[in-house]
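Every number here is computed from the coordinates shown, using simple stated rules; none is lab data. Owing to the predicted nature of the structure, the values given are computational and were not obtained by experimental measurement. Because the Cβ atoms are built from the backbone with ideal geometry, glycine has one as well, and the counts that use them run over all protein chains shown.
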Amino acid sequence: MAAIINPDSLGRPVVSALLYWRDFFDMLHHVLRRLWVLRLPPVRSVFQRQIYFSGVQAIGAVSMIAIIAGVVITTQITSLVGTANPGVTARILLWTLVRELGPLLSAIVVIARSSAATASELATMGVRGEIDNVRRLGIDPLDYLVVPRVAGITIAVVAITFYFQTIAIVGGFGFAAFVRDFSFVRGLASIVDLLSLTDVLVSLLKAFVFGLVISVTSCLYGLRVGRSFTDIPRAVTRAVLQNVMTLFLIDVVITYIFFV
Amino acid sequence: MSAAPTVQLEKVSTRTFNNLTCRASAGQVVRFMCAVQEQREELWGVMTGASAPQSGRVDLARRDVLALTEQQRLEWLQQVGTVPHDGGLISNLKAWENIVLPVWYHRGTAAAEIEKTVVTIFQTLGLEDEVLRHLMRRLPDQLSVTERRWVAMVRAMIMEPPIMIYDAPFTGVEREAATRMLKVLLEFHRARGDRVSLFLLPDEPFSERVSADIKIALET
């Protein structure tokens, strides 16, 4: 009788996932152990450039998505519960935007920009033999190329998440106040009343973990390439896909731990 | 009693050459004339610790290169200046940033401190100030092979290493520029009495002009 489940096709993704997590934690361990290299001026320079690219230059895209998300969600809520009770609107906005969509959408923007860029940059360097060039200068490529990128992207994701949430709430309430009979000030006051320390900390924790996952995964896939240029798009696609899947998985885990 | 050689290759064999032996002491220039490109590439890999030979022992800066751990190798590479055939530059750094990178990373030396030395070397190579300023602002992909090698050369020199390894530095460079390069390299070699310079050269006419204390020809 033919086997319904092919053990080979079942085993390969499991092995691949295990290898990914092993390499992920190896790299993360290296980064945490060697974080002090950020004191070295050339490493700090890469770190600052990374924050600029992943954080400052992402502000335009993040602002637009935040305003749209805020407007859409506020419109839906006010359609459902009306405008007379800003407290309910604020509570639902808090649940959706601060707890869930804020960290997730901010991380997705960073994946779209920085994950793809980091993976392709490192992959190109690998294919062109530049990782060996860095090593030949007596510089550990992980110290010079990975540590500042991981630190920079992680900080950028945390900052962008906070910025996203603020803009989305203000934008959403502003729009509701402009087109409907909604009290902008009462809405904001309700948010401040309802916002707990746990909400803020869990939201930042999510952003921090997302930042680590995005940066380490992107560097990992970027550095895994061989010597062929055709490996580069494959590395980028895998990094982006792996990041998106891991992000949702981690989001579920953190939400379950803190809010269920 | 003579001092132990700074560079020692003992019966090194790879796919393309066999039983290569060489002992160079402080202050000597060694010229390896390679009949085929693969020999040069393999010798370069062996000497920089990037690849292991099939057999033999490689000692550079009195360290057994093959026995080094990754961390030891990184420390050892700070003692060995390398000028790869293609320049070996980092593509997302400008020429000036490439030059500064190792000295800034390892010693924290600010760019301004080495600027004068860099300018002097490039002037000896025949570059005018304006050309040099333009060169320093460009990315490696915007440079010619010769310019990339100049940048790699200066980057290695700034570190003042006791051992220098050059991989076909004059190949493809026009004769006049190659002559100036050779002059700069030999002056740099003599500037420090205990420096050992290793030239890995293809079998071409200009290679004969590299005057060396030890001349080794790798046959096919």
Region A:39-259 pair-distance distribution - Cα-Cα, 10 Å bins, rounded %: 9, 30, 29, 18, 10, 4, 0
DSSP bridge orientation in the protein assembly as shown - percent antiparallel, rounded to nearest 5: 35
Net charge, residue A:258 excluded, C-beta distance under 14 Å - Lys, Arg +1, Asp, Glu -1: -1
Stokes-Einstein D in µm²/s, Kirkwood radius over Cα pairs - chain B at 20 °C with 1.002 mPa s viscosity: 120
³J(HN,Hα), Karplus 6.51/-1.76/1.60, whole Hz, each residue of region B:12-17, x for Gly, Pro: 7, 10, 10, 5, 10, 8
Under-5 Å amide H pairs with residue B:163, H placed in peptide plane, nonlocal only: B:81, B:196
Cα shape, region B:16-135, gyration tensor, a/c 1.5 rule: prolate
Within region B:160-220, GluC sites (Glu not before Pro) in DSSP loop having at most 14 other beta-carbon neighbours inside 10 Å: B:174, B:219
Separation of alpha-carbon centers, region B:171-207 and region B:74-101, rounded to whole Å: 18
Radius 14 Å from Cβ of residue A:91, net charge of other residues (Lys, Arg +1; Asp, Glu -1): -1
Three-way shape call for region A:137-249 based on the alpha-carbon gyration tensor, with the a/c threshold at 1.5: prolate
Residue (of A:177, A:57, A:138) at the positive-pole extreme of region A:39-259, dipole from beta-carbon charges: A:138
Estimated FRET transfer efficiency when R0 is 35 angstrom, pair residue B:183-residue B:50 (beta carbons, to 0.05): 0.75
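Treating the beta-carbon of each Lys and Arg as +1 and of each Asp and Glu as -1, no other charges, what is the dipole magnitude of chain A about its Cα centre, to the nearest 20 debye?
So the magnitude is around 460 debye.
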The protein assembly as shown: C-alpha gyration tensor shape, a/c 1.5 cut-off, then a/b vs b/c: prolate
Helix-only mean residue ellipticity at 222 nm for chain A, each DSSP H run of n ≥ 4 adding -39500 (n - 2.57), per residue, nearest 500: -26000 deg cm²/dmol
Loop sites in region A:197-260: chymotrypsin sites (Phe, Trp or Tyr not before Pro), DSSP, at most 12 other Cβ within 10 Å: A:229
Phi to ³J(HN,Hα) by Karplus 6.51 cos²θ - 1.76 cosθ + 1.60 over region A:26-35, Hz, x for Gly, Pro: 4, 5, 4, 4, 4, 4, 5, 5, 10, 4
Local electrostatic count, residue B:72, Cβ distance below 14 Å [Lys/Arg +1, Asp/Glu -1]: -1
Cross-link partners of residue B:11 among lysines (Cα-Cα below 25 Å; sequence separation of 8 or more within a chain): B:215
Region B:64-80 - phi-based ³J(HN,Hα) in whole Hz, Karplus 6.51/-1.76/1.60, Gly and Pro as x: 6, 4, 6, 9, 6, 6, 4, 5, 5, 5, 5, 5, 5, 5, 6, 8, 10
Relative contact order, percent, chain B [alpha-carbon distance under 8 Å, six or more residues apart]: 35
In region A:187-236, trypsin sites (Lys or Arg not before Pro) in a DSSP loop with at most 15 other beta-carbon atoms within 10 Å: A:227
Partner lysines for residue B:116 [C-alpha distance under 26 Å; skip if fewer than 8 residues away on the same chain]: B:94, B:183
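Fewest to most neighbouring Cβ within 10 Å: what's the order for B:181, B:159?
Fewest-to-most ranking of B:181, B:159: B:159, B:181.
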